[in-house]
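Beneath this line is the structure, given in structure tokens, with notes to follow.
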Amino acid sequence: AQRVTQPEKLLSVFKGAPVELKCNYSYSGSPELFWYVQYSRQRLQLLLRHISRESIKGFTADLNKGETSFHLKKPFAQEEDSAMYYCALSGRGNAGNMLTFGGGTRLMVKP
Amino acid sequence: EAQVTQNPRYLITVTGKKLTVTCSQNMNHEYMSWYRQDPGLGLRQIYYSMNVEVTDKGDVPEGYKVSRKEKRNFPLILESPSPNQTSLYFCASSLDRGQYYGYTFGSGTRLTVV
């Protein structure tokens, strides 16, 4: 079974402070991991994926297979980063893909 | 515009009255999926489909049905809705099971069952 855990439901930081949103996973195969973001009153959208090793809006995430983690980081938080963040893992079910989400972390960036 | 369209956006219904939430995508995606979003539980997958006539259960399929007769449509059917199915529902689609391109999500359907 695959599982994604985001231990923090709420993370509150001041503008300019570093941010780290934690994500741990459980999966027997080789994982494909993602971060999705949901801004207020908007639909969920893909933020970044580990396979591309990209930096989006200043955010990065490194897959650590030893610690089974995929934490999302940003060195200097901005107020517009306030949103709900979901870590997700793509595995393989009977008919193909299953994308499993963590419980989400609400990031609040205070001025 | 490439998008996933869900209807209706809001729905209030009574226990036991069958309903269908429609989902349509115009991107020729093979993979489609339904999720429900509940406070504190995040998004949980209900059903997914990797192509026409190919569907499989997600984490919380009880009380739901789906069909995939055409590539673009993936309706979610509640044969006999109950109050515990009150939730925010999202449909999503992907070109490649989300491995590289990720999923494109619809705007959501807020369902209340009384």
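For the reader, a short list of remarks on this structure follows.
- Every residue from region A:1-27 that is within 12 Å of chain B (Cβ to nearest Cβ) and either open to solvent by 40 Å² or more (accessible area, probe 1.4 Å) or over 17 Å from A:Met108 (Cβ atoms) (or both): A:Ala1, A:Gln2, A:Arg3, A:Val4, A:Thr5, A:Lys9, A:Leu10, A:Cys23
- Of all residue pairs spaced 6 or more apart or on separate chains, those with beta-carbon atoms under 6 Å, a first member in region A:1-17 that is on the phi > 0 side of the Ramachandran plot and a second member that is surrounded by fewer than 16 Cβ atoms within 10 Å (Cβ to Cβ) are A:Gly16/A:Phe76.
- Any hit, region B:3-15, residues being polar (S, T, N, Q), surrounded by fewer than 16 Cβ atoms within 10 Å (Cβ to Cβ), away from chain A (no Cβ under 14 Å) and assigned to a strand (DSSP E or B): yes
- Qualifying residue in region B:39-58 (condition: of a type in the set (Asp, Glu), farther than 16 Å from A:Phe101 by Cα and surrounded by fewer than 16 Cβ atoms within 10 Å (Cβ to Cβ)): yes
- In summary, A:Leu89 fulfils each of the numbered conditions (1) within 11 Å of another protein chain (Cβ to nearest Cβ); (2) in contact with a Cys (Cβ under 8 Å, 6 or more places away or on another chain) with the single exception of condition (2).
- Exactly one residue out of B:Met50, B:Met27 is among the aliphatic types (A, V, I, L, M), within 18 Å of B:Glu1 (Cβ to Cβ) and in contact with a strand residue (DSSP E or B) (Cβ under 9 Å, 6 or more places away or on another chain), and it is B:Met27.
- Selection of first residues in region A:35-50 that are facing chain B (nearest Cβ under 10 Å) and of second residues that are surrounded by fewer than 16 Cβ atoms within 10 Å (Cβ to Cβ), restricted to Cβ pairs under 7 Å at least 6 apart or on distinct chains, gives the following pairs, ordered by first then second residue: A:Tyr36/A:Gln45; A:Leu47/A:Ile56; A:Leu48/A:Glu54; A:Leu48/A:Ile56; A:Arg49/B:Tyr100.
- Some residue of region B:80-89 being crowded, with 22+ Cβ neighbours inside 10 Å, in contact (Cβ under 8 Å) with a residue 12 or more places away in the chain and within 13 Å of chain A (Cβ to nearest Cβ): yes
- Test: residue in region A:73-80 that is touching a residue at least 24 places away in the same chain (Cβ under 8 Å), within 26 Å of B:Gln3 (Cβ to Cβ) and not acidic (Asp, Glu): no
- Only one of B:Glu70, B:Glu30, B:Glu1, B:Glu53 that is at pLDDT 95 or above and acidic (Asp, Glu): B:Glu70
- Answer from B:Tyr64, B:Tyr48, B:Tyr35 - the residue that is over 24 Å from A:Val37 (Cα atoms) and within 10 Å of the chain's Cα centre (by Cα): B:Tyr64
The values are calculated or read from the model by the stated rules, or taken from the named source; none is laboratory data. In this text the structure is predicted, and so the values were computed from the model without any measurement. Don't worry about glycine lacking a Cβ; one is built from the backbone with ideal geometry, like all the others, and counts go over all protein chains shown. Ligands, DNA and RNA are excluded from the accessible area calculation, which covers all protein heavy atoms including side chains. Shrake-Rupley method; radii C 1.70, N 1.55, O 1.52, S 1.80 Å.
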